[in-house]
1. Sort Asp136, Asp189 by heavy-atom solvent-accessible area, probe 1.4 angstrom, most to least.
2. Select from Ile55, Ser78, Gly66 the residue farthest towards the positive end of the dipole of segment 41-95; place +1 on Cβ of Lys and Arg, -1 on Cβ of Asp and Glu, and compute about the Cα centre.
3. Keeping all protein chains in place and using 1.4 angstrom, which order do Leu74, Leu87 fall into by accessible surface area, from largest down?
4. Rounded to the nearest 500, what is the 222 nm mean residue ellipticity of the chain from helices alone, with -39500 (n - 2.57) per DSSP H run of 4+ residues and division by all residues?
5. Count the net charge of all other residues whose Cβ sits under 15 Å from the Cβ of Ser27, scoring Lys and Arg as +1 and Asp and Glu as -1.
6. What residue among Gly116, Gly172, Gly85 has the largest mean-square fluctuation in a Gaussian network model of the chain, using Cα springs under 10 Å?
7. Using only the alpha-carbon atoms, what does segment 56-104 span along each of its principal axes? Please give whole angstrom values in decreasing order.
8. Just check segment 1-53 against the gyration tensor rule for me: Cα atoms, a ≥ b ≥ c as the square roots of the eigenvalues, rounded for a/c under 1.5, and otherwise prolate or oblate depending on whether a/b exceeds b/c.
Amino acid sequence: MISGAYRVSQQCPIRGHMTVSRSTGLSNLNSVTWFSLGADTSISRESYDRLVLYIGDFGHAEFLIGDRGRRTILEPGSLLVVHGGTLCGVECKTGAVYTEIITKKELNMNDIVKSGKAVHLKELISYEANSIANLDIAKNDTMKFALMAFAEGTCLQPHRAPGPAIVTVLEGSAVISYEGSDYHVSAGDSFRFDKNGLHSVTADGPFKMSLLLVLE
């Protein structure tokens with residue numbers, strides 16, 4: 001069990017000349033998997049029946065999408081959506097780590113995200129004065145992936161989530177209070193909450209994060 005802030009690249013470290021996949025253990029129904037690719041490794045093109053989300057965590061991975069293998073770079077903090085039935089492979093020259101999300105049920109996607117094109121998550125959501133902004137990117141009745149932007153001086157009051165969740169910091173820094181302990185997090189850090197774990201989030205300044213919440 002992960003405790004406190006962590007980096008995905010530490011949980012699924014790059015190994016020379018190898019491709020490694022590791023389940024996050026976040027969900028029994030949906031597949032949420034970390035992948036690490038060593039330098040000069042690749043994953044052959046294949047397709048899934050369901051829409052797939054790829055989130056860049058470390059390094060640069062080059063995705064080959066569609067019958068013609070159109071190339072798209074997945075960078076840290078970026079999101080790539082690939083629709084079901086689409087051929088997709090990966091090549092990596094220098095090493096990379098990313099998260100793959102496949103749900104058993106079809107996802108409802110926000111139309112600001114286009115299939116086959118990587119986008120930087122923090123650029124999808126803007127700050128609102130004296131407010132916390134929320135933007136749902138993908139959701140169904142078993143999972144939600146959303147973005148949040150905290151204006152300076154704002155916070156989420158202590159609350160309990162209805163399922164396990166992973167928060168990843170996209171910009172800025174904050175203090176996460178979880179079950180009586182405080183954790184400082186900054187861009188690139190992730191933090192896992194268990195179902196019903198009491199937590200709050202207090203922004204140190206302008207702060208953006210992603211939230212992957214499982215509802216099973």
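The values are calculated or read from the model by the stated rules, or taken from the named source; none is laboratory data. This is a predicted model, so every value here is computed, not measured. Cβ sites come from the backbone with ideal geometry, for glycine too, and all protein chains shown count toward neighbours. We work out accessible area using only protein heavy atoms, side chains counted, and drop any ligands, DNA or RNA first. Shrake-Rupley method; radii C 1.70, N 1.55, O 1.52, S 1.80 Å.
1. These residues rank, largest area first, as Asp136, Asp189.
2. Gly66
3. Ranked list, largest accessible area first: Leu87, Leu74.
4. Roughly -500 deg cm²/dmol at 222 nm, from the helical runs in the chain.
5. Once positives and negatives cancel, what remains is +4.
6. Gly85
7. Extents along the principal axes, in whole Å: 27, 26, 13.
8. It comes out oblate by the Cα gyration axes.
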